[in-house]
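Novice: Before I ask anything, let me first share the structure, which is written out below as structure tokens.
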Amino acid sequence: MRRLLLFAPLVLFGVAGCWFLYMFLMANDEGAFQANLLPELIGFCLEGFFLVGLFSLIQRRLERERKNELRESLRGALRDLLSHMDIALLEENAEPAKTESLDLDPQFVKTLFVKLHKSELDLQGMVSIKEAAQRNFSTMHDLIPVAAQLSANHMRWWLAIADSVRKLSESTDKADINYLSQKFLMNLGEFDQLSL
């Protein structure tokens, strides 16, 4: 529907401009209408076509950039928790992930999920993840309206992420922490796959 509203003025100006141009080229008599008003109407249609087209493209680009910034702010809110998961699952002599990977790389989340699925968290890792979840839950809850600005699906998956973080912050069982960490990563993976 949005595309139809976007292209309707372009089609209208384009068809009207072509019709006026056809009338101008096929006119045999040199009346006042053909000599004065018809070129003005053709110019008006051309200006309308290009201005509406340009403004629509600029508006769409700005909207995409705004949504991308919103998405990056949402992902940035998860940086602390992802960082603690990464450190808890870090292999010997390996470097922690960079900030860009924590914020932007969907493949990083899949890698963490595979690592967590293959091994279990140690006690210190579980404590740090639980504490990070407790620190970040209120922020994640406050960002639900931001996720809603992206789309209904973004909000739905953000709610699922926030719920898994809440449960993770309240959990006291080792198996639950492992399961809820995997659930968090699964929900985040689904969130990352959504298009803007």
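Novice: Select from the range 111-131 the residues that are touching a His at 6+ places or on another chain (Cβ under 7 Å) and of a type in the set (Ser, Thr, Tyr) and list them in ascending order.
Specialist: Of everything in the range 111-131, just one residue is touching a His at 6+ places or on another chain (Cβ under 7 Å) and of a type in the set (Ser, Thr, Tyr), namely Ser128.
Novice: Right, here's the next one. For the condition at negative phi and out of contact with any helix residue (DSSP H, G or I) (no Cβ under 6 Å at 6 or more places or on another chain), what is the one hit in Asp163, Asp103, Asp80?
Specialist: Asp163
Novice: Being open to solvent by 40 Å² or more (accessible area, probe 1.4 Å), without any contact (Cβ under 8 Å) to a residue 40 or more places away in the chain and closer than 13 Å to Ile129 by Cα is the filter here; which residues of the range 54-101 pass it?
Specialist: Listed by number, the list holds a single entry, Arg79.
Novice: Regarding Glu92, is this residue assigned to a helix (DSSP H, G or I), of a type in the set (Asp, Glu) and at pLDDT 70 or above?
Specialist: No, not satisfied.
Novice: How many of the residues in the range 116-131 are surrounded by 16 or more Cβ atoms within 10 Å (Cβ to Cβ) and hydrophobic (A, V, I, L, M, F, W, C)?
Specialist: So the count comes out to 4.
Novice: Sort out which residues of the range 102-113 are surrounded by fewer than 17 Cβ atoms within 10 Å (Cβ to Cβ), in a helix (DSSP H, G or I) and modelled with pLDDT under 85, and write them in order of number.
Specialist: Leu104, Pro106
The values are calculated or read from the model by the stated rules, or taken from the named source; none is laboratory data. Since the structure is predicted, the reported quantities are computational estimates derived from the model, not experimental observations. We place every Cβ from the backbone using ideal geometry, glycine too, and count neighbours over all the protein chains shown. What goes into the accessible areas is simple: the full protein's heavy atoms, side chains included, and nothing from ligands, DNA or RNA. Shrake-Rupley method; radii C 1.70, N 1.55, O 1.52, S 1.80 Å.
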